[in-house]
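The values are calculated or read from the model by the stated rules, or taken from the named source; none is laboratory data. Small disclaimer: the values here were computed from a predicted structure and weren't measured. Cβ placement follows ideal geometry from the backbone for every residue including glycine, while neighbour counts extend to all protein chains displayed. The protein model used for the area step is the full one, side chains on, heavy atoms only, and it has no ligands, DNA or RNA in it. Shrake-Rupley method; radii C 1.70, N 1.55, O 1.52, S 1.80 Å.
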Amino acid sequence: MRIGTRSTGLSVSPEPEHRPPEPISLREALRFWLKLGFISFGGPAGQISIMHQELVERRRWISERRFLHALNYCMLLPGPEAQQLATYIGWLMHRTWGGVIAGVLFVLPSLFILIALSWVYIAFGEVPVVAGLFYGIKPAVTAIVVQAAHRIGSRALKNGWLWGIAAASFVAIFVLNLPFPLIVLGAAVIGYFGGRLAPEKFRTGGHSAAQKSFGPAVIDDDTPPPDHARFNALKLLRLAVIGAILWTLPMATLTVLFGWDGTLTQMSWFFTKAALLTFGGAYAVLPYVYQGVVGHYGWLTPTQMIDGLALGETTPGPLIMVVAFVGFIGGYVLQVFGPDQAFVAGAVAATLVTWFTFLPSFLFILAGGPLVESTHNELKFTAPLTAITAAVVGVILNLACFFAYHVLWPNGFSGHLDWPSALIAMAAAIALLRFKRGVIEVLIGCGVIGLGVHLLR
């Protein structure tokens, strides 16, 4: 064996990269999941990359193949895939509580940070420095949404059928103003029948099985599923009952205290529905959130919605955490608990919408995990999900048009084009699409430019 650069005849232990890692304690895992909650910038791709580097390459808690096998499942669930992946790995390693801890710590730091930033925004948003920063950030957000449409579209739109679905979804939401759930349902029906008539047109690449190994892992390719990861009908029933209680109890309490039409009750119900529609990530559900919170309920203005997305992009955690901003601003401005308790109302609303948004994600992982672990072959998902992903591209493009309209023509088309905002948006798009710069880097740069423009006016 080789030690450093010299060989000896002594028998020594295998090199570290060839030794299986020691079993991981729940306390050690908890420290990692807490750290991850504070460093998980960069959206789903960045967050998944961080977990891969830490858990597969450096710590070897899980093998490449098992990591991607879990990711295949999470990618096709409604909900934030990075948070669900953390929940899945935590559950696989340390049972139900391990999954709950991993999933909660992925979200909790972001919730506290967004509550604080939302209060700063609503209390000091008119201060010149803050207003100037947001002046530059808003056009950057428009470019980021365009980049999201391009990123998802380049992966999903592989043939004319899928391009047609994307175009039809754009027309449906932009021209006909159809609700997002109806578009998702229509795409699923098209995919169901299309997958049978032309199956080769509805195959999705997904994340293929890995060929690369970084050495033995705690959860390796051939590690059998632990007892808690084996399917058990009684456990599934018990989990379904617990999930129903965790949803019904707070919803019933809100209905008793504030009535079904109360702001907090309606927020909780609306974001429950939104949680079940997040196929394709947060950008896919944002048009639905916009239709509800801006168009139907009036909890936020269009400008506030754009600002909320900017804050969501600059904080750790899933981008769908923008719902915490929506909840805080809605509860604060509407003074649900009276004028003297505006901050409390905002914080409670933010916490409630976060609870109802993420509860289904935990249930999907804890209920579906044993079924996924029953096979380590690549999952064979059906064509409807491929069609839904194609439709998502169309609705994201509509969201980009919505943002561009409100940012570049703040007074409507009857007013003048805001040239500084247009130039900032173009620069951000070039930085993102041509030079592949990071989202945080682009937002900071555009914020500084916007501050300069705002102060010079």
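Note down the magnitude of the dipole of the chain about its Cα centre, charges +1 on Lys and Arg C-beta and -1 on Asp and Glu C-beta and zero elsewhere, to the nearest 20 debye. Walk me through the intermediate numbers first.
On the way: 29 positive and 22 negative charges, 175 e Å.
So the dipole magnitude of the chain works out to roughly 840 debye.
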How much of the accessible area of the chain, probe 1.4 Å, is carbon plus sulfur, in whole percent? 66
Excluding residues on the same chain fewer than 8 positions from K235, give the aspartates and glutamates whose Cα lies under 14 Å from its Cα. D227
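Do any chymotrypsin sites (Phe, Trp or Tyr not before Pro) in the range 383-415 lie in a DSSP loop with no more than 13 other beta carbon atoms within 10 Å, and if so, which? Don't skip to the end; give the middle numbers.
On the way: sites: F402, F403, Y405, F413; in loops: F413.
Passing both the DSSP loop test and the Cβ count: F413.
Count neighbours as other Cβ atoms within 10 Å of each site's Cβ, and list the trypsin sites (Lys or Arg not before Pro) in the range 222-299 that are DSSP loop with at most 16 such neighbours. Intermediate values should be presented prior to the final figure.
Numbers: sites: R230, K235, R238, K273; in loops: R230.
Passing both the DSSP loop test and the Cβ count: R230.
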Over the chain, with the other protein chains present, what is the accessible area per residue in square angstrom, probe 1.4 angstrom? 47
Given a 1.4 Å probe and the protein chains all in place, what does the accessible area of M51 round to, in Å² to the nearest 10? 0
Loop chymotrypsin sites (Phe, Trp or Tyr not before Pro), the range 242-340, which have at most 12 other Cβ atoms in a 10 Å radius of their Cβ (DSSP): W260
Could you give me the percent of Cα pairs per 20 Å distance bin for the chain, shortest bin first, beginning at zero and ending with the bin that holds the maximum distance? 23, 55, 20, 2, 0
Is the range 88-149 best put as rounded, prolate or oblate by its Cα gyration tensor, with a ≥ b ≥ c the root eigenvalues, rounded for a/c under 1.5, and otherwise prolate when a/b is larger than b/c, oblate when not? oblate
